[in-house]
Amino acid sequence: MPTLRQLTANLSTALQAIYEAPEAEAMAAQTLEHLLDLTPLQRRSRADEPLGDDDRLAPLPALQARLLTHEPLQYVLGTAHFAGLELEVTPATLIPRPETEELVALIAREQQGRPNLRVLDVGTGSGCIPLALAQRLPGAHFTAVDVSGEALAVARRNAARCGVAVDFQQVDILQGVPQLAAPLDVLVSNPPYVLEAERALMRPNVLQFEPATALFVPDHDPLLFYRRIAELGCQLLAAGGGLYFEINEQYASETEELLRGLGYAAVASHADIFDRPRMVRATWEGIRQ
Ligand SMILES: C[S@@+](CC[C@H](N)C(=O)[O-])C[C@H]1O[C@@H](n2cnc3c(N)ncnc32)[C@H](O)[C@@H]1O
């Protein structure tokens, strides 16, 4: 009868055919925790108990086979962890990233204590940003838009599971305008920002499995989404409202210039934990340049 430690080690060894050992070990541990509904602490404390016949382990060979095709762990398990939440993800949604947790933390730091905030998230994907902000900004009202109806279906299920009311709208932000009942206090977006030219540098688990519409922007116009969303901000934000972007680190100064050119004030880049400029914030003062 194998123990949990042995099963985890076997999966990790198999995954080392395509992943470095630390990543393979982490993926194997998370897979077993997911199947057996264990916390990391429970997995470690029960590592040497024989497992016996457990039907919950039946999917393990199929999951291993999928992981060996480079399919991301989060799609294989159907869930991703983000800012303390467990969210459903499917191939229609980007897998939420740690840098986006930093964007959420920045907004929460700057906006906490302000009552009845009206927040719009553009390109919501799994709904991770409004759902994480809802935990940190009680009383806020959320609207979230995405061009993808399939992503919005996942985001709706996540909102229902988290017990958060979000007004989800299917909008192509390059063509249309979200319908809002009142001016916004916060406009946030983590839009597509990977250049087509960067494809060659991307790992197969991202390139082959995550949705291209969530990732890529044309090489000839890297600020396409930022320009459109910032221009919409001039119409939709209340005076004093905050604009928050996750950005491609190569375009921090261009994004800042764009925002100053439109009349935003207090424009500033923020670094992530690796000291890379990955966020820009700005305040709309109500006067378009
Ligand atoms: C980088 S993903 C971000 C997803 C999620 N907010 C997150 O941080 O994980 C960008 C999102 O923008 C959406 N998107 C792409 N083009 C769009 C458009 N023209 N209008 C609205 N949303 C768009 C994609 O479907 C995707 O969900």
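Is it the case that some residue within segment 173-181 is farther than 26 Å from ASP221 by Cα, at pLDDT below 95, away from the ligand (no atom under 12 Å from the Cβ) and open to solvent by 10 Å² or more (accessible area, probe 1.4 Å)? Before the answer, list the steps.
Residues of segment 173-181 that are farther than 26 Å from ASP221 by Cα, as a first pass: 179-181.
After this cut, where a residue has to be at pLDDT below 95 as well, the list is 181.
Restricting the remaining residues to those that are away from the ligand (no atom under 12 Å from the Cβ) gives 181.
Narrowing further to those that are open to solvent by 10 Å² or more (accessible area, probe 1.4 Å): 181.
Within segment 173-181, one or more residues are farther than 26 Å from ASP221 by Cα, at pLDDT below 95, away from the ligand (no atom under 12 Å from the Cβ) and open to solvent by 10 Å² or more (accessible area, probe 1.4 Å).
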Among the residues of segment 129-166, count how many are of a type in the set (D, E, K, R), touching a strand residue (DSSP E or B) at 6+ places or on another chain (Cβ under 8 Å) and either surrounded by fewer than 22 Cβ atoms within 10 Å (Cβ to Cβ) or at pLDDT below 95 (or both).
-> 3
GLU86: at pLDDT 95 or above, open to solvent by 40 Å² or more (accessible area, probe 1.4 Å) and not basic (Lys, Arg), yes or no?
-> yes
Answer yes if at least one residue in segment 36-59 is over 26 Å from SER148 (Cβ atoms), touching a Gly at 6+ places or on another chain (Cβ under 9 Å) and surrounded by fewer than 16 Cβ atoms within 10 Å (Cβ to Cβ), and no otherwise.
-> no
From the residues in segment 125-150 that are within 10 Å of the ligand (Cβ to nearest atom) and assigned to a strand (DSSP E or B), which one is nearest to ASP167 (Cα to Cα)?
-> ALA144
Can you pull out the residues in segment 214-263 that are closer than 25 Å to ASP275 by Cα, within 13 Å of the ligand (Cβ to nearest atom), touching a Phe, Trp or Tyr at 6+ places or on another chain (Cβ under 8 Å) and open to solvent by less than 10 Å² (accessible area, probe 1.4 Å)?
-> VAL217, TYR226, PHE245, GLU246, ILE247
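The values are calculated or read from the model by the stated rules, or taken from the named source; none is laboratory data. Predicted model, so just to flag it, every value in this text is computed and none were measured. All Cβ positions, glycine included, derive from the backbone under ideal geometry; neighbour counts span all protein chains shown. Note: areas computed on protein heavy atoms with side chains; ligands, DNA, RNA excluded. Shrake-Rupley method; radii C 1.70, N 1.55, O 1.52, S 1.80 Å.
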